[in-house]
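The values are calculated or read from the model by the stated rules, or taken from the named source; none is laboratory data. The model shown is predicted, which means the values in this text are computed figures rather than measured ones. Here the Cβ positions follow ideal geometry from the backbone for every residue, glycine too, while neighbour counts run over all protein chains shown. Accessible surface is based on the protein model in full, side chains and every heavy atom, while ligands, DNA and RNA are left aside. Shrake-Rupley method; radii C 1.70, N 1.55, O 1.52, S 1.80 Å.
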Amino acid sequence: MFGVGEYSYSVYKAAVSGFFKDPAFALLHSTDLRHVMTDDTCYFLAFSSYSLAYTAMLYLNTAKVRAFIKGLSFADAKRPYTKKVLERIDFSKICRDIDYDTLKVTECSLGLPPYITPQMAEEFCKTVSLHSNAVFA
């Protein structure tokens, strides 16, 4: 195996398949405390809490972010979403440009039950401001 680090064993991950033609991010976690592992066809961000991972997943699934990612990728490529493309995502900018109401709309459009709160979005953005940029694994 390659590309395995401490982040691989994070309980909560916001992940995307590199092969899908549409960038659809999913929240990966286990309810039985086993670690969810991905193979080299997926990219993910590791989080220490469910609420941070959930909020990141919502931000990444907003129409604005998905359009940005699609604009950077090549749809006809075998793997349109690469680490290089995903590392262009600037969460500090996303937090400034995408409001809480947009997160609620995204949550609803994904068919998820209401869970996001303004406090979760605020906590996520504070956490992001402490780190220079997200690193996809």
Of all residues in segment 82-106 being more than 13 Å from Glu122 (Cα to Cα) and touching a Phe, Trp or Tyr at 6+ places or on another chain (Cβ under 7 Å), the one that is least open to solvent (accessible area, probe 1.4 Å): Leu86
Failed item in (1) among the polar types (S, T, N, Q); (2) open to solvent by 70 Å² or more (accessible area, probe 1.4 Å); (3) modelled with pLDDT of 95 or more, with Asn61 passing the rest: (2)
In segment 18-58, the residues that are open to solvent by less than 60 Å² (accessible area, probe 1.4 Å) and aromatic (Phe, Trp, Tyr): Phe25, Tyr43, Phe44, Phe47, Tyr54
Test: Lys78 is open to solvent by 60 Å² or more (accessible area, probe 1.4 Å) and at pLDDT 95 or above: no
Helices (runs of 4 or more DSSP H) fully within segment 1-112 counting 3 or more residues that are hydrophobic (A, V, I, L, M, F, W, C) and closer than 23 Å to Val128 by Cα: 50-61, 63-72, 91-97
Subset of segment 113-137 (residues that are loosely packed, with under 13 Cβ neighbours inside 10 Å, in a helix (DSSP H, G or I) and at pLDDT 90 or above): Pro118, Gln119, Lys126
Long-range neighbours under 8 Å by Cβ, at least six apart or interchain, first residue on the phi > 0 side of the Ramachandran plot within segment 10-39, second in a loop (DSSP other than H, G, I, E, B) and surrounded by 17 or more Cβ atoms within 10 Å (Cβ to Cβ): Leu33/Val11
